[in-house]
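Below is one structure; the comments refer to it alone.
The values are calculated or read from the model by the stated rules, or taken from the named source; none is laboratory data. Computed from a predicted model, the values in this text were never measured in an experiment. Glycine gets a Cβ as well: all are built from the backbone with ideal geometry, and neighbour counts include every protein chain shown. When the accessible area is computed, the model is the full protein with side chains, heavy atoms only, and any ligands, DNA or RNA have been set aside. Shrake-Rupley method; radii C 1.70, N 1.55, O 1.52, S 1.80 Å.
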Amino acid sequence: MGIVSYLNTRPLLYGIEHSALINDMVLIQDYPAKIAEKLLDDTIDVGLIPVAIIPKLKESYIVTDYCIGCNGPVASVCIFSEVPLTEVEEVLLDYQSRTSVTLARLLLKEYWRLKPKLIDTRSEYQSKIKGTTAGLLIGDRALAQRKISPFAYDLGEAWKNHTGLPFVFAAWVSNKKLTEDFVSKFNEANKDGLSHIDKIVELNPSPVFDLKKYFTSHISYLLDEEKRKGLKLFLEKMKNPATAGL
């Protein structure tokens, strides 16, 4: 089982690690794109993966009622810059998540209606966010960057403004059918983790962001019907010829 090693997964991870299921699995932590690769090549059976990878799986099953989502500003997925977005000439794209990169491309085209040069990255690039060069950052690095960059354009907020729907960045997805018993227990483990937010904040002190606010106001974990609608729309936009070549 693969899980992203960002702070936003700590509530889900806490529930899993404190459940009896932990004795029946090998838990692998990495950044989103790496977890996605492991699910694609069948190194793992289930992972908390960027949803943009779902269409590439031969078989895919969304398991549990929980995800990494938002219903407005997410705080940790933003385009950062020293100048207003209208003055940005190029955007460095985060190599750690395909979903966030796809979302950024889509929003720049459809929502902001801007055409900066988009540059893929392979390693550290935060130091290059200056002048008219912006950068898309996700996860813990994005929370830290909020204290550095004067401009932060939140992709969760932009998606909500653009579509009126919540957004799902990552979901628990398996590449094979899992037993109903396992899925039920795994769902309960996720649910239990979310009932211990104060303890999780205590265990993960952060000097850069109020984690209780992050876990309860920015990240929205329940994969409800509205989030499923947002996810469906995003995957449809990925397939649309007008946006597929973003």
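Within the stretch 10-19, can one find any residue that is surrounded by 22 or more Cβ atoms within 10 Å (Cβ to Cβ), touching an Asp or Glu at 6+ places or on another chain (Cβ under 6 Å) and at pLDDT 95 or above?
Looking for residues that are surrounded by 22 or more Cβ atoms within 10 Å (Cβ to Cβ), touching an Asp or Glu at 6+ places or on another chain (Cβ under 6 Å) and at pLDDT 95 or above, one finds at least one in the stretch 10-19, hence yes.
So is LYS191 of a type in the set (Lys, Arg) and touching a strand residue (DSSP E or B) at 6+ places or on another chain (Cβ under 8 Å) or not? Outline the logic, then answer.
Numbers: of a type in the set (Lys, Arg): yes; touching a strand residue (DSSP E or B) at 6+ places or on another chain (Cβ under 8 Å): yes.
It is true that LYS191 is of a type in the set (Lys, Arg) and touching a strand residue (DSSP E or B) at 6+ places or on another chain (Cβ under 8 Å).
Which one is nearest to the chain's Cα centre (by Cα) among residues in the stretch 75-95 that are open to solvent by less than 20 Å² (accessible area, probe 1.4 Å) and farther than 26 Å from LYS213 by Cα? I'd like the intermediate steps shown before the answer.
Taking the stretch 75-95 first, the residues open to solvent by less than 20 Å² (accessible area, probe 1.4 Å) are 75-81, 85, 88, 91-94.
Filter once more, so that each one left must be farther than 26 Å from LYS213 by Cα: 85, 88, 91-93.
On the way: LEU85: 22, VAL88: 24, VAL91: 19, LEU92: 17, LEU93: 14 Å.
Only one residue tops the list, namely LEU93.
Check ASN190 against each of (1) within 17 Å of the chain's Cα centre (by Cα); (2) not in a helix (DSSP H, G or I) and name the one condition it does not meet.
(2)
Here is a list of conditions, (1) part of a loop (DSSP other than H, G, I, E, B); (2) of a type outside the set (Lys, Arg); (3) open to solvent by 60 Å² or more (accessible area, probe 1.4 Å), and ASP65 meets all of them except one; can you say which number that is?
Failing condition for ASP65: (1).
For ARG98, are the conditions met, namely being open to solvent by 10 Å² or more (accessible area, probe 1.4 Å) and modelled with pLDDT under 95?
On the way: open to solvent by 10 Å² or more (accessible area, probe 1.4 Å): yes; modelled with pLDDT under 95: yes.
Against the criterion (open to solvent by 10 Å² or more (accessible area, probe 1.4 Å) and modelled with pLDDT under 95), ARG98 qualifies.
Out of curiosity, is LYS58 basic (Lys, Arg), open to solvent by 10 Å² or more (accessible area, probe 1.4 Å), touching a residue at least 24 places away in the same chain (Cβ under 8 Å) and more than 19 Å from MET238 (Cβ to Cβ)? Steps first, please.
On the way: basic (Lys, Arg): yes; open to solvent by 10 Å² or more (accessible area, probe 1.4 Å): yes; touching a residue at least 24 places away in the same chain (Cβ under 8 Å): yes; more than 19 Å from MET238 (Cβ to Cβ): no.
It is false that LYS58 is basic (Lys, Arg), open to solvent by 10 Å² or more (accessible area, probe 1.4 Å), touching a residue at least 24 places away in the same chain (Cβ under 8 Å) and more than 19 Å from MET238 (Cβ to Cβ).
Hey, can you tell me all the residues within the stretch 213-233 that are open to solvent by 70 Å² or more (accessible area, probe 1.4 Å) and of a type in the set (S, T, N, Q)?
Applying the first criterion (open to solvent by 70 Å² or more (accessible area, probe 1.4 Å)) to the stretch 213-233 yields 213, 216-217, 222, 225-226, 228-229, 232.
If the condition is that a residue be open to solvent by 70 Å² or more (accessible area, probe 1.4 Å) and of a type in the set (S, T, N, Q), then THR216, SER217 are the ones that fit.
Can you spot a residue in the stretch 37-48 that is in contact with a Ser or Thr (Cβ under 8 Å, 6 or more places away or on another chain), more than 28 Å from LEU178 (Cα to Cα), of a type in the set (A, V, I, L, M, F, W, C) and surrounded by 17 or more Cβ atoms within 10 Å (Cβ to Cβ)?
The answer is no; no qualifying residue exists.
From (1) in a helix (DSSP H, G or I); (2) within 15 Å of the chain's Cα centre (by Cα), pick out the condition that doesn't hold for PRO55.
In the conditions (1) in a helix (DSSP H, G or I); (2) within 15 Å of the chain's Cα centre (by Cα), PRO55 misses (2) alone.
Looking at the stretch 138-165, which of the residues that are in contact with a strand residue (DSSP E or B) (Cβ under 9 Å, 6 or more places away or on another chain) and among the hydroxyl-bearing types (Ser, Thr, Tyr) is nearest to ASN71 (Cα to Cα)?
TYR153
Name the residue, out of LYS185, LYS160, that is part of a helix (DSSP H, G or I), surrounded by fewer than 18 Cβ atoms within 10 Å (Cβ to Cβ) and at pLDDT 95 or above.
Numbers: LYS160 fails: surrounded by fewer than 18 Cβ atoms within 10 Å (Cβ to Cβ).
So the residue among LYS185, LYS160 that is part of a helix (DSSP H, G or I), surrounded by fewer than 18 Cβ atoms within 10 Å (Cβ to Cβ) and at pLDDT 95 or above is LYS185.
Regarding ASP210, is this residue in contact with a His (Cβ under 9 Å, 6 or more places away or on another chain) and open to solvent by 60 Å² or more (accessible area, probe 1.4 Å)? Steps first, answer last, please.
Details: in contact with a His (Cβ under 9 Å, 6 or more places away or on another chain): no; open to solvent by 60 Å² or more (accessible area, probe 1.4 Å): yes.
In short, no.
Just to be sure I understand the filter: pairs with C-beta atoms under 8 Å, separated by 6 or more residues or on different chains, first member in the stretch 124-141 and in contact (Cβ under 8 Å) with a residue 40 or more places away in the chain and within 28 Å of ILE219 (Cβ to Cβ), second member among the polar types (S, T, N, Q) and part of a helix (DSSP H, G or I). Which pairs pass?
Here the result reads ILE129/GLN145; GLY135/GLN126; GLY135/GLN145; LEU136/SER100; LEU137/GLN126; LEU137/GLN145; ILE138/SER100; GLY139/ASN8, each pair linking the stretch 124-141 to a residue that is among the polar types (S, T, N, Q) and part of a helix (DSSP H, G or I).
Considering only residues of the stretch 124-157 that are part of a helix (DSSP H, G or I), crowded, with 18+ Cβ neighbours inside 10 Å and of a type in the set (Gly, Ala, Ser), which is modelled with the lowest pLDDT?
If we take residues in the stretch 124-157 being part of a helix (DSSP H, G or I), crowded, with 18+ Cβ neighbours inside 10 Å and of a type in the set (Gly, Ala, Ser), then GLY139 is modelled with the lowest pLDDT.
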